[in-house]
1. State in Å² the accessible area per residue of the chain; use a 1.4 Å probe, count heavy atoms of protein chains only, and round to the nearest integer.
2. What number comes out for the charge environment of G260, summing +1 per Lys or Arg and -1 per Asp or Glu over other residues with Cβ under 9 Å away?
3. Which of the trypsin sites (Lys or Arg not before Pro) across region 47-133 are loop residues per DSSP, with 15 or fewer other Cβ within 10 Å?
4. Quick one: check the C-alpha center-to-center distance for region 166-188 versus region 11-37, whole angstrom.
5. Among E169, E222, E75, E60, what's the order by accessible area (1.4 angstrom probe), most exposed first?
6. Take the alpha carbon atoms of region 65-86, find their center, do the same for region 263-335, and report the distance between the two centers in whole angstrom.
7. Just to be sure I understand: if I project the alpha-carbon convex hull of the chain onto a plane and average over all orientations, what area do I get in nm²?
8. Report, to the nearest whole %, how much of the accessible area of the chain belongs to carbon and sulfur atoms, 1.4 Å probe, protein only.
Amino acid sequence: MSEMITTQALRTLVGEWLDKGRRVAGPSQVKPDLVSYTALATPDQLVLDGFIHPSNSIKEFFFPRHERLYGYRIEGRKVELSDPPAPDAEQVIIAARPCDAAALPILDKLFNWDSRDEFYNRRRAATTIVTLACSAHDSACFCTSVGLAPDATNGSDAMLVPAGEGRYEVRALTDKGRALFEGKTEPSTDNGHACDGPPARFDANNLRDFLRGNFESPVWAELTLRCLGCGTCAYVCPTCHCFDIDDQGACAASATASAGARMKNWDSCQFRMFTQHASGHNPRANQAQRQRQRIMHKFFVYPERFGAILCTGCGNCTRACPVSLGVAGVLEGLK
Ligand code: SF4
Ligand code: SF4
């Protein structure tokens, strides 16, 4: 026996979560031709089909683009610090793609490595993740090459699996997921079905061996000549996590004091200034070196350090790249 929920019952449930004051985020039609994960104001905004992958990833609900770490006020020799905003309310991410949810256990390793990132961990603890198994994939998808699948459950608390006729099989995977759907589903003898995964495009172990021995290969320059260094690939990626911390001064707190906030902002290894030293020297002086860094980090360094590939094969970097490169394009070339 399985447990089923209809689209209408799911929307009613989303409405109940919103009424309880939870933040609910999921795929939404933000423009006529654009579906993105966004905080939902009403259950009707939730989009459950007709798209392959939202334009962004769910990481921004754990690791926002900009985040205030603390405020400061300096007057003479006196420095006052103020606490960051109160912890975020409980949130539910609904209809996340499995390749987005799978990024979270990978990111957990980074945000709990040499120091514990309280901001990230606080949001992780306050979030329940409901994934939506894929019904289709496109030419940018390669989840099966990194050990995942259209119904992979890594990082999910519950999964919705399309069963046709406006119904979804609900697979509760954790206590959090079970609590969310308790008493809201109907038993059924049917099952939902995910699509077949995309054909594997490379062998991750072979790729790691290649990267280990080819740091200086001319192939990097050949493959990445067209990269613009725009950083879009990092911003739409569920696993990219680079950030910068800087002080943003508020204008004239008073005639004698200065004030502002210390902020954590998304950054990208594809930007020229990312590794620029104060001396002017830049150890990654050209775009080929920056692209090599991105591939090396995801498929060699992170797996060696944390035992996990820093990529879920979601394909977002390829879809969003203005010159149709992204990770898949570079990996095809390496192959
Ligand atoms: S690979 Fe594409 S998206 Fe990434 S920095 Fe280069 S041009 Fe931009
Ligand atoms: S590198 Fe590209 S394919 Fe891999 S997780 Fe990031 S956006 Fe998705």
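The values are calculated or read from the model by the stated rules, or taken from the named source; none is laboratory data. Keep in mind that this is a model prediction, so the values were computed, not measured. Virtual Cβ from ideal backbone geometry, glycine too; neighbours counted across all protein chains shown. All accessible areas refer to the heavy atoms of the entire protein, side chains included, with ligands and DNA or RNA removed. Shrake-Rupley method; radii C 1.70, N 1.55, O 1.52, S 1.80 Å.
1. Working: 16040 Å² over 335 residues.
Solvent-accessible surface per residue comes out at 48 Å².
2. Values: positive: R73, R262; negative: D247.
So the environment of G260 carries a net charge of +1.
3. Details: sites: K59, R65, R68, R73, R77, K78, K109, R116, R122, R123, R124; in loops: R65, R77.
Hits after loop and neighbour filter: R65, R77.
4. 18 Å
5. Working: E169 15, E222 130, E75 75, E60 40 Å².
Result of the area sort, largest leading: E222, E75, E60, E169.
6. When both Cα centres are located, 32 Å separates them.
7. Numbers: hull surface 81.0 nm².
For the chain, the mean projected area of the Cα convex hull comes to 20.3 nm².
8. After summing per-atom areas, the C and S share lands at 51 percent.
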